[in-house]
Amino acid sequence: MKSYITSNPLYDLITTNYLLNTIGIYVNCFLRISTQSTQNLSAHNPIFNIHKKHYFRAMSQEYYTKERNADFYQKLRTIIRKWENKSEGPKHKWFEYILLAPDLFHLLTKLLMDKAVSMEFKTKIGLVILYFISPIDLIPEAIVGPGGYIDDIALAAYMIHIMVNKIDPEVIHKHWAGNGNILIIVQNIVTDAHQMVGRGIWSKLRRKV
């Protein structure tokens, strides 16, 4: 059964839609997209009907567009840039890593859509993206500010780290929009993660993927 599911194109299509729909929910909540337009789209979305017992609202793949993804990415970049220009930003111990948050998020979203990435990894990437977007996590940004992205960054780096030996590294390199060698950056973050977030939180983060 497992081999049938993982090799079934229809399963891949439905699962990809499922991931995109779920991420779409959080993107729209974060960006405060109107409730009325969300309801209209959900009413005509067959994926919503399939999974309505599990999600209070679902977005169609069409609605989860590159533009919406770009909106969150730009919003995150703006937050980090403003923080970077404030006096407390450069004083943060993990300042250099926190600056990578937008580019790591961008990389995850690109990998989610890449055909070279297996559905198993796409499922895990989807969970990491949801964690990134959610305002409620182990170190909430709403309470500690941009410094609260250190757990999101650590989780994103760990996700990429476990993918490195499973897929062609070029797949990761081609989607990296930041500066430097992404594989070296990821290795450095994973090495420092237990100091960044504490051993307890680091252990919980690794269990998420």
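Placing dummy labels 7 Å off each Cα toward the beta-carbon, the span from residue 84 to residue 143 is 2.8 nm.
Karplus-derived 3J(HN,Hα) values for region 147-161, using 6.51 cos²θ - 1.76 cosθ + 1.60 with θ = phi - 60°, are x, x, 7, 5, 6, 5, 5, 4, 5, 4, 5, 5, 4, 5, 4 Hz; glycine and proline are entered as x. Using the Cβ atoms and a cut-off under 9 Å, what net charge is assigned to the surroundings of residue 174, where Lys and Arg are +1 and Asp and Glu are -1? Around residue 174, the surrounding residues sum to -1. Full extension of the segment from residue 115 to residue 173, taken as 0.36 nm per residue of separation minus the current Cα-Cα distance, would add 19.4 nm. For residue 75, a cut-off of 13 angstrom between C-alpha atoms picks up these aspartates and glutamates, skipping any fewer than 8 places away in its own chain: 67, 103.
Note that region 91-102 has calculated 3J(HN,Hα) couplings of 7, 5, 4, 10, 3, 4, 6, 5, 4, 7, 3, x Hz, one per residue in order, obtained from phi through the Karplus relation 6.51 cos²θ - 1.76 cosθ + 1.60 (θ = phi - 60°); glycine and proline are x. In order along region 170-176, the phi-based Karplus estimate (6.51 cos²θ - 1.76 cosθ + 1.60, θ = phi - 60°) of 3J(HN,Hα) comes to 4, 4, 6, 4, 5, 9, 7 Hz; Gly and Pro are listed as x.
Every number in this text was worked out from the coordinates using simple rules, so none of it is lab data. Everything numeric here is computed off the predicted structure, so don't read it as measured data. Here Cβ is always computed from backbone atoms with ideal geometry, including for glycine, and neighbour counts include all displayed protein chains.
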